[in-house]
Amino acid sequence: LDTKTTLVWTSPIIDLNADLTYNTMIQMIRSAEKRITIVGYALYKESKNDELKMSDIFKELYEKVESKNVLVELFFDKAETNVKNTVKKMWKKEIKLPEIYLYESPPKINGSLHAKVLLVDDVDILITSANMTGRAINRNIEIGIKTSGNVGKEARKLLSSLIQAKLFEKQEWI
């Protein structure tokens, strides 16, 4: 597979050599055919200005579910955020909700899920410092790399092994 790696960032300065985090996320979601996986530490709504971009991202996600039956998976840290409530507030009611997996650190480890990744169809991957918050994709200074190819398949294997090891617990939408 031919890979192209690009620099991605959120910044008050425009740099023609880097793509904006928000634009990259939207383009990646729009390109999805089968599965969109988001891994993050925090997911929440913030100020009105920041909410707009987060709402746009969620709109793109649920429209992919509605139009192409794309599977959306969210992996987040259990201690850091109430993912289910945030998703319910931002999701279109009649569309199938995403699968949610929460990480709870084993007592001896006492760590957290700190990765921030957008993985599309197990091929395109954005690895970034940006959380899934309006502030991170709108106002902070964040940096990441988007690439494609085998690294996406390797990321999928890693997530699968973490689920098998019961480090991520799939949440029910009851």
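The values are calculated or read from the model by the stated rules, or taken from the named source; none is laboratory data. Keep in mind that what you see is a predicted model, and the values were worked out from it rather than measured. Glycine gets a Cβ as well: all are built from the backbone with ideal geometry, and neighbour counts include every protein chain shown. With ligands, DNA and RNA removed, areas are computed over all heavy atoms of the protein, side chains included. Shrake-Rupley method; radii C 1.70, N 1.55, O 1.52, S 1.80 Å.
Can you confirm whether the stretch 164-171 contains a residue that is modelled with pLDDT of 95 or more, assigned to a helix (DSSP H, G or I) and in contact with a strand residue (DSSP E or B) (Cβ under 7 Å, 6 or more places away or on another chain)?
For the stretch 164-171, residues modelled with pLDDT of 95 or more, assigned to a helix (DSSP H, G or I) and in contact with a strand residue (DSSP E or B) (Cβ under 7 Å, 6 or more places away or on another chain): absent.
Taking the stretch 123-136, which residues are among the hydrophobic types (A, V, I, L, M, F, W, C) and in contact with an Asp or Glu (Cβ under 8 Å, 6 or more places away or on another chain)?
Taking the stretch 123-136 first, the residues among the hydrophobic types (A, V, I, L, M, F, W, C) are 123, 125-127, 130, 132, 136.
Listed by number, the residues that qualify are ALA130, ALA136.
Among the numbered conditions (1) at pLDDT 95 or above; (2) open to solvent by 20 Å² or more (accessible area, probe 1.4 Å); (3) not hydroxyl-bearing (Ser, Thr, Tyr), tell me where ILE109 comes up short.
The failed condition is (1).
Condition check: closer than 24 Å to ILE145 by Cα and open to solvent by less than 50 Å² (accessible area, probe 1.4 Å). Does ASP15 satisfy that? Spell out the reasoning first.
Values: closer than 24 Å to ILE145 by Cα: yes; open to solvent by less than 50 Å² (accessible area, probe 1.4 Å): no.
In short, no.
Filtering the stretch 86-103 down to residues that are out of contact with any Asp or Glu (no Cβ under 7 Å at 6 or more places or on another chain) and farther than 24 Å from THR21 by Cβ, which residue is most open to solvent (accessible area, probe 1.4 Å)?
LYS93
Does VAL117 qualify as being open to solvent by less than 50 Å² (accessible area, probe 1.4 Å), β-branched (Val, Ile, Thr), at pLDDT below 95 and out of contact with any Lys or Arg (no Cβ under 7 Å at 6 or more places or on another chain)? Please lay out each step first, then the result.
Details: open to solvent by less than 50 Å² (accessible area, probe 1.4 Å): yes; β-branched (Val, Ile, Thr): yes; at pLDDT below 95: no; out of contact with any Lys or Arg (no Cβ under 7 Å at 6 or more places or on another chain): yes.
No.
Mind listing whichever residues of the stretch 125-137 are buried (at least 21 other Cβ atoms within 10 Å of the Cβ) and not in a loop (DSSP other than H, G, I, E, B)? Break it down into steps so the answer makes sense when it comes.
To start, the set of residues in the stretch 125-137 that are buried (at least 21 other Cβ atoms within 10 Å of the Cβ) comprises 125-126, 128, 130-134, 136-137.
Across the stretch 125-137, the qualifying residues are ILE125, LEU126, THR128, MET132, THR133, GLY134, ALA136, ILE137.
Could you tell me which of the residues ILE163, ILE141 is closer than 11 Å to THR21 by Cα, touching a residue at least 24 places away in the same chain (Cβ under 8 Å), surrounded by fewer than 19 Cβ atoms within 10 Å (Cβ to Cβ) and of a type in the set (A, V, I, L, M)? Step through it out loud before you land on a result.
Numbers: ILE163 fails: closer than 11 Å to THR21 by Cα.
It is ILE141.
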